[in-house]
Structures are given as structure tokens and as C-alpha cells.
Amino acid sequence: MLTDYLKTLGLTEKETHIVLALAELGVQPASAIARRTGLDRVTAYKNLHKLAELGFVRIYFRDAVQCFGLESMEVIEGKLRDRSEYARVLLEKFPTAAQLLKSLGGQEGSVPELEMFEGASGLKSLFRDLLFELKSQKIEQLRVLTSNTYEERIDDPELPGILKSFFKDLQERGIHIEYFEATGGMVPERLRNLGESNPMEEMLRAQGTTNVFVAGSAVYLASYRGSKIGLKLKHHDLSQIFHFLFDVLGKT
């Protein structure tokens with residue numbers, strides 16, 4: 001138990017053995033600690049000085065011989081409290097630092113962020129994630145493209161409830177929806193810009209099998225036929241292609 005605790009403080013295995021040896025032997029020269037721990041003298045000496053820098057060991061001189069002993073428990077406790085306070089301050093400043101680091105590149109990383117969602121629970125997670133992206137990116141508009149053909153119409157008792165809950169959350173957050181529908185007989189043949197129509201009612205009526213959602217740098221693809229499945233793709237450059245397509249759709 002004591003060994004494990006010392007390691008959780010950030011001590012290496014060698015440093016842990018040295019601390020335990022000092023607890024047993026008291027103040028000793030590096031040679032005695034080396035013999036007790038099975039380390040060579042140089043390694044023991046380096047680790048003793050590192051422990052002194054960390055505040056676990058105190059250096060003494062006896063008859064001109066450098067010796068080492070454990071620091072008092074009160075001093076060690078004080079060091080740990082200082083480290084705890086320092087960690088708290090760092091955590092408070094982390095969001096600002098993280099934002100600044102992200103801003104240095106101006107974009108998200110070069111590797112796209114991909115995530116899969118499966119089943120009804122997966123779709124619910126997809127919509128929760130979409131809402132989170134809208135909030136975290138401070139976006140007030142969601143761009144939606146849905147398919148609606150005779151061949152695609154499905155009878156799914158779970159889908160209306162999932163979509164209704166999602167659009168209710170969007171409405172409560174004041175998110176504007178730019179909504180397009182690809183409609184046709186067997187396959188999509190024409191495009192409708194639904195403008196200011198109620199997208200929830202349109203989507204619930206259509207229950208098309210495929211939706212595309214674009215929220216800032218995040219793009220979501222959702223399919224409802226058979227086993228429900230969704231895909232999230234987050235990448236600044238790739239998302240711009242989708243935004244360009246929606247811009248073109250809006251002009252047609």
C-alpha cells in the first residue's frame with residue numbers, strides 16, 4: 001500500500017525504494033542507501049538529489065560527508081498541499097490555454113475527427129453531440145438536407161419521437177434551420193428549399209432514410225432505414241465543401 005501511494009505521488013520505482021530505505025535507516029550517506037536498495041552509488045546519488053529537489057529528502061553534512069534523510073512529514077505535507085493548489089490554478093487556466101493553442105493553427109487538426117453512431121440510442125447520442133457542437137462553436141444556424149422519396153418512406157415507431165425531441169431542443173435554443181429536401185419517386189429527382197416551413201413537421205411527414213446536418217466544422221450523416229446508423233465528420237476544410245454546397249443550394 002505504501003509503495004503504491006508513493007508511486008501515485010509521481011515517484012519512480014527507484015525513488016520509492018530510496019524513500020522506504022531512508023524511512024528504515026534514517027540519515028545515511030549515499031553509499032549506505034545504495035547498498036540497502038541494490039542500486040549503484042552514482043544512481044543512488046542522482047536519485048537522492050532529485051528527491052531533495054522534490055522536497056522529500058533533506059541533505060545533511062556529517063564530518064564533511066554528505067548524508068541524506070527524509071524531510072519531516074509536516075514539510076512533505078506542505079509540499080503536497082502546494083502542488084494541489086498549483087494543480088487547481090492550472091486547471092482553472094486550462095480552458096483559456098487550450099483555446100489559445102487551438103487558435104494558433106487557425107483550424108482544427110489536419111486529421112479529421114470521425115465518430116460512428118448505431119441504433120436508436122446511437123441516433124439520440126448523435127443529436128446530443130450535434131447540440132453540443134452548436135453550443136460549443138456558438139453557432140446559431142443548422143443546415144439540413146433530407147431525402148424524401150416514395151421508395152424511402154418508412155414506418156418506424158421510434159423515429160418520430162427521436163426527431164421531435166431533437167427539434168424541440170433546437171427551438172428552445174433559438175437555432176435557425178436552413179432546410180432542404182431532395183424529393184422524387186424512386187430516387188431523388190428535384191430539390192426543394194423549404195424556407196420558413198416547419199422542418200420538424202416536414203421531416204416527420206417524410207421520414208426519409210438519409211439526413212445531412214452541417215453545424216460549423218462538424219458534418220453529420222444519418223440513415224434511418226433498417227439498422228439506424230450515423231456518422232460524424234469534424235474537420236474545418238472538409239466542412240467548407242458542405243457549406244459551399246448549401247450556399248449553392250440556397251441560390252437555386
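Taking the mean number of other Cβ atoms within 10 Å as a proxy for protection, how do you rank 53-66, 22-35 from highest to lowest? If you can, show how the numbers build up before the last one.
Working: 53-66: 12.6, 22-35: 16.5.
Per-residue mean Cβ counts within 10 Å order the peptides as 22-35, 53-66.
Mind sorting 43, 8, 183 by how few other Cβ atoms lie within 10 Å of their own Cβ, fewest first?
Details: 43 15, 8 8, 183 18.
Going from sparsest to densest Cβ surroundings: 8, 43, 183.
Annotation: the residues 36, 143, sorted from fewest to most other C-beta atoms within 10 Å of their own C-beta, follow the order 36, 143. Relative to its Kirkwood radius, the Cα radius of gyration of region 2-71 gives an Rg/Rh of 0.94.
No value in this document is a laboratory result; all are computed from the given coordinates. The model shown is predicted, which means the values in this text are computed figures rather than measured ones. Virtual Cβ from ideal backbone geometry, glycine too; neighbours counted across all protein chains shown.
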